[in-house]
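**Q** Quick one: the structure is below, questions incoming.
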Amino acid sequence: LGYQGTYDPSYAIGNDGSLWLTTFDGIRVSRDDGCTWTAVGAPFDALFPGHLVADADGRLWAVSAQAGSMNGVYRNDSPGVSTTFTRLNLTSADALFTSVRVATSATTRAYVGGFSIPSGGGTPTPVLFRTNDGGSNWDALPTTDFVLGSQPQLFVEAVSPTDPDLVFVRVPRALGKGGDALYRSTNGGDSFAE
């Protein structure tokens, strides 16, 4: 499948039953119940896919987290017939995007989390973004409510199936917690509470 060891891939199932997964060297798809797997190719032949999800409309959303590359958010609108992922309007040469979640009740609403590494070095900082229009425009959300630990990054874990403003974000290795911390927003990510 293209991975081994402790790596945990993201999986998604297309409306046609196709199986999709992330690997060290891109995204792969199986259209025969997992018997054979095919790499989707560009742009994920040169980018590490940080996360992959299917939305309620059957589209696939993926983010890239390749150090030293222009990372972004991508979407495949026809996974039943195509392996093409089109880049949306969120890109960064500094950020590694490690999670994406799409609201079930409003599939034009999506959230992306990760972290940014300043060019020239320095301390990484968390990043969090939201789109309300399917990826044409993105809002950078504040991250000051999060108490970070040794890994200053954010993982968007879930969006309520009935309320696109109710979103949950995980902070790994949160300071003083001895593990991860879970935060909740009821206003679309404008503020969070542990």
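The values are calculated or read from the model by the stated rules, or taken from the named source; none is laboratory data. Since we're looking at a predicted model, the values are computed, not measured. No Cβ is skipped: glycine too gets one built from the backbone with ideal geometry, and neighbour counts run over all protein chains shown. Surface areas here come from the heavy atoms of the whole protein model, side chains and all, with no ligands, DNA or RNA. Shrake-Rupley method; radii C 1.70, N 1.55, O 1.52, S 1.80 Å.
**Q** Starting from the range 45-66, keep only residues that are in contact (Cβ under 8 Å) with a residue 40 or more places away in the chain, then list their pairs with residues that are of a type in the set (Lys, Arg) and open to solvent by 10 Å² or more (accessible area, probe 1.4 Å) whose Cβ atoms are within a distance under 8 Å, requiring at least 6 positions of separation or different chains.
**A** Correct list of pairs: VAL53/ARG101; ARG59/ARG75; LEU60/ARG75; TRP61/ARG75; ALA62/ARG75.
**Q** Of all residues in the range 13-27, count the ones that are open to solvent by 10 Å² or more (accessible area, probe 1.4 Å) and either in a strand (DSSP E or B) or within 21 Å of ALA56 (Cα to Cα) (or both).
**A** Result for the range 13-27: 5.
**Q** Between a residue in the range 153-181 that is touching a residue at least 40 places away in the same chain (Cβ under 8 Å) and over 17 Å from ASP55 (Cα atoms) and any residue that is among the acidic types (Asp, Glu) and surrounded by 15 or more Cβ atoms within 10 Å (Cβ to Cβ), which pairs come within a Cβ distance under 8 Å, given they are 6 or more apart or on different chains?
**A** Cβ pairs passing all conditions: VAL169/GLU157.
**Q** Okay, moving on. Can you spot a residue in the range 71-80 that is hydrophobic (A, V, I, L, M, F, W, C), touching an Asp or Glu at 6+ places or on another chain (Cβ under 9 Å) and within 20 Å of GLY114 (Cβ to Cβ)?
**A** For the range 71-80, residues hydrophobic (A, V, I, L, M, F, W, C), touching an Asp or Glu at 6+ places or on another chain (Cβ under 9 Å) and within 20 Å of GLY114 (Cβ to Cβ): absent.
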